[in-house]
Amino acid sequence: MSTGTPTAPVISAWTAISPFGHDRASFADGVRTRTSPVSTIDTQRWARGPAGTAATVPGFEPREFLGTKGTRAMNRVSGLAVAAAKHLLADIGVEPGDERDDIGFVLGTTTGSVQSMMDLTRASLTGDKPDHVEPAAVPGCVMNCAAGQAAIWHGLKGPNATIAAGRTTGPHALNYARRLLRTGRATRVLCGAAEEYSPARAWVEHHRRGGGDDPVVIGEGCAMFLLEPADLRPPGRRVLGTLEGFESRVCLDGDLAGTVAVAVRGLLSAAGVAPEQVWAATGSGFTDSRGEPVETVALRELFGDAPVDRVPSADLLGDTASASAMFQLAAVLSVAESAERAGADHTVVTTCDDDGSVACTLLRLGEPVA
């Protein structure tokens, strides 16, 4: 499925709250230096999980970061999304109380907060009758809680959507935001993805992968981008990249690397972009059951080593699930900001999941072509 459009929106701002730190600069520095933020889990803060390490956002607690008002029942994934939106709105000069009827919000996530779901389930089984559970805890178990809280917190009255498509969530969320702009339902869209670290999520992921003695390192955070039409952005706000295409496929024959290659070829063909115009081609760090980095295999075959090696994989942050492709896009923008591109001005960001789904996004770096 290809949905290229001649009225492609631009990315003109972004931010990230990640294991590297609380802002865009710390994320960019971590990516450029290829530093691993994985650390030993603080057992004073977290209950026991399957692994002794994780990649958590340092010092992040919603109540401390956002204040005590309105955060008593806020779970971690909602706090990450609200905080990222707060940073991005401040970066683009939207002050608290400004009119925001035209700003949409699109957030990707796997399930929302697994910890909130598990806590509510436990409370329903162990709580005193007849009340059983704390009513204020129920909204935190809904998948779209984080997107809804971000919109309420910041007064974003445009369309509000939650996208859940496993590891391919990022490209699907960007495409959804692009459609909102194309149809005129919003003039600006904050688009991102968020995942939390929690013992509950770590155990669910551990058992989903069959258990074993080598548990996956869980990462967390939120990467968020401002999408808007190039001709409507205010003076002085530079274009970081133009979304020029989206492609998704489903692998039916077991050849996931081959499906990635087919999707990328279709993406480039629809946009009329030659492989030599691609400055960076980067995957989200997915490995199959044999440990093979299928995206990297496909991309090296299509583009060679140099474009694939220019941007480090977002798996530096551990397994960030639905946020992996968004962090990968943020990594591309981080590296491209200070890099010489010698005429190659496109990037391809791919992602895939073990259910056979594949998605990729084509970004043209810099100002849009007139």
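The values are calculated or read from the model by the stated rules, or taken from the named source; none is laboratory data. The model shown is predicted, which means the values in this text are computed figures rather than measured ones. We place every Cβ from the backbone using ideal geometry, glycine too, and count neighbours over all the protein chains shown. Just so you know, the surface numbers come from the protein's heavy atoms only, side chains and all, with ligands and any DNA or RNA stripped out. Shrake-Rupley method; radii C 1.70, N 1.55, O 1.52, S 1.80 Å.
Obtain the radius of gyration and the Kirkwood radius of the chain from its C-alpha atoms and give Rg over Rh.
Ratio of gyration radius to Kirkwood radius: 0.96.
So what does Glu247 come to for accessible area, using a 1.4 Å probe and Å² rounded to 10?
10
With everything on Cα atoms, drop me the angle between helix 76-91 and the longest principal axis of the chain, reported from 0 to 90° to the nearest 10.
Compared with the principal axis, the helix lies near 50 degrees.
Build a GNM of the chain with springs between Cα atoms under 10 Å: which of Gln277, Gln328, Gln115 gets the top mean-square fluctuation?
Gln277
When a/c is below 1.5 the answer is rounded, else prolate if a/b is larger than b/c, else oblate, so apply that to segment 240-370 with a ≥ b ≥ c taken from the square roots of the Cα gyration tensor eigenvalues.
Prolate.
Taking amide H positions as placed in the peptide plane 1.01 Å from N, state which residues far from Gly283 in sequence (5 or more) or on other chains have amide H under 5 Å from it.
It is Thr350, by chain and number.
If contacts are Cα pairs under 8 angstrom and at least 6 residues apart, what is the relative contact order of segment 238-325 in percent?
26
Treating the angle as unsigned and between 0 and 90°, give the value, to the nearest 10°, between the Cα long axis of helix 199-208 and the longest Cα principal axis of the chain.
Here the helix axis deviates by roughly 60 degrees.
Rounded to whole Å and sorted largest first, list the principal axis extents of the Cα atoms in segment 321-370.
37, 22, 16
Would you pull out the residues with amide H under 5 Å of Leu365's amide H, same chain only if 5 or more places away, H placed 1.01 Å from N?
Result for Leu365 returns Thr242, His346, Thr347.
Largest first, how would Lys69, Lys157, Lys86 line up by accessible area (1.4 Å probe)?
The ordering from most to least exposed comes out as Lys69, Lys157, Lys86.
Can you give the relative contact order of the chain as a percent, counting alpha carbon pairs under 8 Å and 6+ residues apart?
Averaging sequence separation for qualifying contacts and normalising by length gives 25 percent for the chain.
Among Cys352, Val332, Val142, pick out the residue whose Cα is farthest towards the positive end of the charge dipole of the chain, where Lys and Arg carry +1 and Asp and Glu carry -1 on C-beta, about the Cα centre.
So the residue we want is Val142.
So which lysines pass the test for Lys69, namely a Cα distance under 22 Å, with those fewer than 8 places away in the same chain ruled out?
In chain and number order, the partners are Lys86, Lys157.
With θ set to phi - 60° and the Karplus curve 6.51 cos²θ - 1.76 cosθ + 1.60, what are the ³J(HN,Hα) couplings of segment 288-305 in order, to the nearest whole Hz, using x for Gly and Pro?
Result, ordered by residue: 7, 5, 8, x, 8, x, 4, 5, 4, 4, 5, 5, 5, 5, 7, 10, x, 6 Hz.
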